[in-house]
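Novice: To start, I am sharing the structure in question, which I have written as structure tokens.
The values are calculated or read from the model by the stated rules, or taken from the named source; none is laboratory data. Not measured: the values here are computed from a predicted model. Cβ sites come from the backbone with ideal geometry, for glycine too, and all protein chains shown count toward neighbours.
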């Protein structure tokens, strides 16, 4: 609560100072969003502007909530400013940004697809440096440091992290209880559970990529981060260790051995052809024991179990090699928010961004209301999460604080290496490519991109 | 259509066999065509949980509310209007452009017409991802992005070649006496086209119009690349309104799909007889 | 009165003809040809999709000629063409011939066959993804009804089946269109030809071979041509259903183009793929026109 109060004081201070007729960069952060602050700041940005925002598909099912909590308050606080939202499927958005920017038709703000995307876009000079705004609005204190660091290119800030995610292990907790299985934290433990499940005709790991072929990268992420380990991945991403290293080969071999035993989805062919709906229904109906997916599915899994007698839970995946300290949390940046250099109202855009991340208690409430849309990596304080928030959602943030942080491929691999990672691993599963050749191939593509300076920034160890 | 006529009532047994021979495969084909569509229809009436648990079964209690939610969340009020504008503009323009061109190719002796026909075949099948990036740059220069009219012009370019080929083969099948008579009476080519060819060839235009309407109504790639404003997006974009990062509200997507297809099916129902008649008269020729 | 002049008539018609062709030429040149030419120019560069452009000559094409995944994708395009030259054309012909005998129910069946044609590709793809699901799809439902032979078949997951499974979805929404096309062609055949065949006591097959098939020949050739060139450039259903996977089993040239341009940021290479495919399509068409010129059609 202390944090909350001081922020309000800060707000009223800046509001007063901005009553002086200053323009541009010193315009006031009008709607730092707690409703009490709105009225005092309302008249300060009385200029006509349309802010065009290209948004990912995340908020579509809660459009009313989004309007009421994000758009309306800002527009009310800034008469004359019109927020024009345009949503898109995330993949389409990533494709459209470079085309639009080169044509000079870019938006004011857009939702980026993680650091590796931002890296490519920022290097073209299409993004506004946010460092001054960060200072002005106190973003350094608000966001978790590692998260903000993923938004830096050559030391300069180009985006704000909008949501983070991690791969994790979902399991049918009731099934585990009935079977007397302990939640696995080591390779030996998870292989024991998997073997016992398989012996009973239960699929150890439900899985499928029919809806999203590139989501096979989740499995590679798990193998690399939990077997080779975050230290090895960090070394590889900074060029100190080759992707052809035996650790990555062994990781791929382990993953492939699970696939070939039929532990994942019953086998490679089923894995490629199964839909997400089926994966989760198998978990609910005890046809499968676990599934290696990610925290993005928490709301869906939760809703499917809601009307059954069974219970569910999730944990970080076990560490698959003794030297890898448990728990490893492979971080992924779900998406980021950036201002483009084609914005004629960068100050207003920055002000909107700031209002989009209100005080941490309000963010905590939003997560409780709709855990699917706003997993912002801010520095939460004790008591920010309301009591009604499911512990399985807030656990995510606790783990961030304590875990051995790892690196998700979709955020930290450069584009071509990432494409190689999910295209070619399918050939490992179909027996057309050996794990050693797979890793050697990845090393070759990565080395080219490293030499070309295309590797996104990687947060350090320790 | 012809065989049954001459076969007398005396050979009833033959008739029955023939009827079975015709209707059994017809029904099998109908099941093939309709089965998956029924799955879609059923799913549009289920709850999300039902779809997950039993994706191919009948709905427990029909959820008509899905349609209302899909209509609202998919912003169909504006996307239907935009798609109607796009379709009308596209059909009108394509009919004019391809009508003029087909007249030249089918009725006038034009040097190089064979080359033009080849060119049209190539243009018909050019894959959009091949040229979309430069096209976007050009459209930005011309101030044509994020505008329905800019998109309509793209549809003219993309859909006219096939329409021209269709209309040309239709015109080739028309007798030439009337227009020759017209020319002898001193009518210019435009008069010949408007007062003689056009009245004769409207069935061909029904075909071209329907195919163009279908192509425009279901078009996604260009629409999603060139339109950014929410208020200008067409119906195909509505179908994507229920996606989350890795999941989808399939009950709403299904309901939205049914909503989106109703106008097209209705259009086909209204015009199908003329559509067939138009195709019949023209046939398709390379 | 120039058109009464034997020499003047074609020339004047030719000029006017080109005037009538002008809107079409402008629309297609602006929307398709100019951007395609720009793409051809990009195919000679190492352009990533943004940023600097360096001229590298024919390097992309050299690379393409030895790119195993491109050669494999060409093979898939050929298989796709073979499927589309047979399955939907057979189904379309069958449907049309039967419909022409169907009497009062013709309209009903025609509409039923046409409905899949009217659905958007994303929807068709979704329906079939559910039907193909190895655990909850059609195979599993049939198993529940006592028909076990499709159970556990992962249509989109087996690398030997996936291409056919994807092609079937596209066939499913396409054949109904051919029914209507062929039905129209059948109705244009002079009924007297059938009557005289009847009088001669021709069997059903002979009637089909000697009256029906010749009667729809031009339509058939048109469909064949569109099928071949369209199959070389197939994209949407493959991309939506499998993105070319699993393990490249359904990769076709245009999915490769799309991925190179938008996922790997290799726009120059993508342009080279597109240029090559346009060239191949052109070759097919010129071959067809040569055959036609040699009197194959007329």
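Novice: Just need a number here: residues in the range C:276-298 that are touching a residue at least 60 places away in the same chain (Cβ under 8 Å) and more than 8 Å from every other protein chain (Cβ to nearest Cβ).
Specialist: Number satisfying all stated conditions: 1.
Novice: Given the options B:166, B:148, B:122, name the one that is under 30 Å from residue C:239 (Cα atoms), within 18 Å of the chain's Cα centre (by Cα) and either at the interface with chain C (Cβ under 10 Å from one of its Cβ atoms) or touching a residue at least 24 places away in the same chain (Cβ under 8 Å) (or both).
Specialist: B:166
Novice: Can you name the helices (runs of 4 or more DSSP H) wholly within the range A:92-194 that have at least 3 residues being over 17 Å from the mean Cα position of the chain (by Cα) and over 23 Å from residue A:222 (Cα atoms)?
Specialist: A:115-123, A:131-137, A:139-142, A:173-179
Novice: Please enumerate the residues belonging to the range C:142-165 that are in contact (Cβ under 8 Å) with a residue 24 or more places away in the chain and more than 9 Å from every other protein chain (Cβ to nearest Cβ).
Specialist: Answer for the range C:142-165, where residues must be in contact (Cβ under 8 Å) with a residue 24 or more places away in the chain and more than 9 Å from every other protein chain (Cβ to nearest Cβ): C:160, C:163, C:164.
Novice: Quick one: count up the residues across the range B:97-113 that are at the interface with chain C (Cβ under 7 Å from one of its Cβ atoms) and assigned to a helix (DSSP H, G or I).
Specialist: 6
Novice: Quick one: would you say residue B:68 is part of a helix (DSSP H, G or I) and either more than 9 Å from every other protein chain (Cβ to nearest Cβ) or free of Cβ contacts under 8 Å to residues at least 60 places away in the same chain (or both)?
Specialist: yes
Novice: Kindly evaluate residue A:91 against the criterion of being over 18 Å from residue A:160 (Cα atoms), free of Cβ contacts under 8 Å to residues at least 40 places away in the same chain and more than 8 Å from every other protein chain (Cβ to nearest Cβ).
Specialist: Judged against the criteria, residue A:91 is a match.
Novice: Within the range A:341-352, restricting attention to residues that are surrounded by fewer than 23 Cβ atoms within 10 Å (Cβ to Cβ) and touching a strand residue (DSSP E or B) at 6+ places or on another chain (Cβ under 6 Å), which residue is farthest from residue A:404 (Cα to Cα)?
Specialist: Result: A:345.
Novice: Follow-up. For residue A:392, are the conditions met, namely being assigned to a helix (DSSP H, G or I) and within 26 Å of residue A:155 (Cα to Cα)?
Specialist: no
Novice: Return the pairs, sorted by first residue and then second, in which the second residue is modelled with pLDDT under 95 and part of a helix (DSSP H, G or I), the first residue lies in the range A:411-436 and is more than 10 Å from chain C (Cβ to nearest Cβ) and at positive phi, the beta carbons are less than 9 Å apart, and the residues are 6+ apart or on different chains.
Specialist: Correct list of pairs: empty, since none qualify.
Novice: Specify which of the listed residues (A:304, A:247) is part of a helix (DSSP H, G or I), closer than 30 Å to residue A:389 by Cα and either more than 10 Å from every other protein chain (Cβ to nearest Cβ) or more than 21 Å from the chain's Cα centre (by Cα) (or both).
Specialist: Testing whether each residue is part of a helix (DSSP H, G or I), closer than 30 Å to residue A:389 by Cα and either more than 10 Å from every other protein chain (Cβ to nearest Cβ) or more than 21 Å from the chain's Cα centre (by Cα) (or both) leaves just A:304.
Novice: Could you tell me whether any residue of the range C:96-103 is modelled with pLDDT under 90, assigned to a helix (DSSP H, G or I), within 12 Å of another protein chain (Cβ to nearest Cβ) and surrounded by fewer than 18 Cβ atoms within 10 Å (Cβ to Cβ)?
Specialist: Yes, the range C:96-103 has at least one match.
Novice: Quick check on my filter: what residues within the range C:238-252 are in a helix (DSSP H, G or I), touching a residue at least 40 places away in the same chain (Cβ under 8 Å) and surrounded by fewer than 24 Cβ atoms within 10 Å (Cβ to Cβ)?
Specialist: Across the range C:238-252, the qualifying residue is only C:240.
Novice: Could you tell me which numbered condition residue A:374 fails, if it satisfies all but one of (1) within 16 Å of the chain's Cα centre (by Cα); (2) surrounded by fewer than 20 Cβ atoms within 10 Å (Cβ to Cβ); (3) part of a loop (DSSP other than H, G, I, E, B)?
Specialist: So the condition that residue A:374 fails would be (2).
Novice: Of (1) more than 9 Å from chain C (Cβ to nearest Cβ); (2) at pLDDT below 90; (3) surrounded by 18 or more Cβ atoms within 10 Å (Cβ to Cβ); (4) within 25 Å of residue A:277 (Cβ to Cβ), residue B:49 satisfies all except one. Which?
Specialist: So residue B:49 meets the others, but not (3).
Novice: While we're looking at this one, here's another question. Out of A:391, A:383, I need the residue that is surrounded by fewer than 22 Cβ atoms within 10 Å (Cβ to Cβ) and touching a residue at least 40 places away in the same chain (Cβ under 8 Å). Which one?
Specialist: Residue meeting the stated conditions: A:383.
Novice: Now for a different question. Has the range B:125-136 got any residue that is within 11 Å of chain C (Cβ to nearest Cβ), closer than 23 Å to residue C:257 by Cα and outside any helix (DSSP H, G or I)?
Specialist: Yes, some residue in the range B:125-136 is within 11 Å of chain C (Cβ to nearest Cβ), closer than 23 Å to residue C:257 by Cα and outside any helix (DSSP H, G or I).
Novice: Go through (1) closer than 29 Å to residue C:36 by Cβ; (2) in a loop (DSSP other than H, G, I, E, B); (3) under 25 Å from the mean Cα position of the chain (by Cα); (4) more than 9 Å from chain B (Cβ to nearest Cβ) one by one and return the number of the condition residue C:264 breaks.
Specialist: Every listed condition holds for residue C:264 apart from (3).
Novice: Looking only at the range B:241-252, how many residues end up being touching a residue at least 40 places away in the same chain (Cβ under 8 Å) and more than 7 Å from chain A (Cβ to nearest Cβ)?
Specialist: 3
Novice: Give me a count of the residues in the range A:278-300 that are within 10 Å of another protein chain (Cβ to nearest Cβ), in a helix (DSSP H, G or I) and within 24 Å of residue C:138 (Cα to Cα).
Specialist: Of the residues in that region, 6 qualify.
Novice: Of these, C:232, C:183, which one is at the interface with another protein chain (Cβ under 7 Å from one of its Cβ atoms), more than 30 Å from residue A:282 (Cβ to Cβ) and surrounded by 21 or more Cβ atoms within 10 Å (Cβ to Cβ)?
Specialist: Exactly one residue qualifies, and that residue is C:183.
Novice: Just give me the residues in the range A:301-321 being out of contact with any strand residue (DSSP E or B) (no Cβ under 8 Å at 6 or more places or on another chain) and without any contact (Cβ under 8 Å) to a residue 40 or more places away in the chain, in sequence order.
Specialist: Within the range A:301-321, A:303, A:304, A:306, A:307, A:308 qualify.
Novice: Working carefully through the options B:139, B:156, find the one that is touching a residue at least 60 places away in the same chain (Cβ under 8 Å), facing chain C (nearest Cβ under 7 Å) and either surrounded by 22 or more Cβ atoms within 10 Å (Cβ to Cβ) or assigned to a helix (DSSP H, G or I) (or both).
Specialist: Criteria check complete, one pass: B:156.
Novice: Next up: Restricting the search to the range C:35-59, which residues are more than 14 Å from chain B (Cβ to nearest Cβ) and part of a helix (DSSP H, G or I)?
Specialist: C:59
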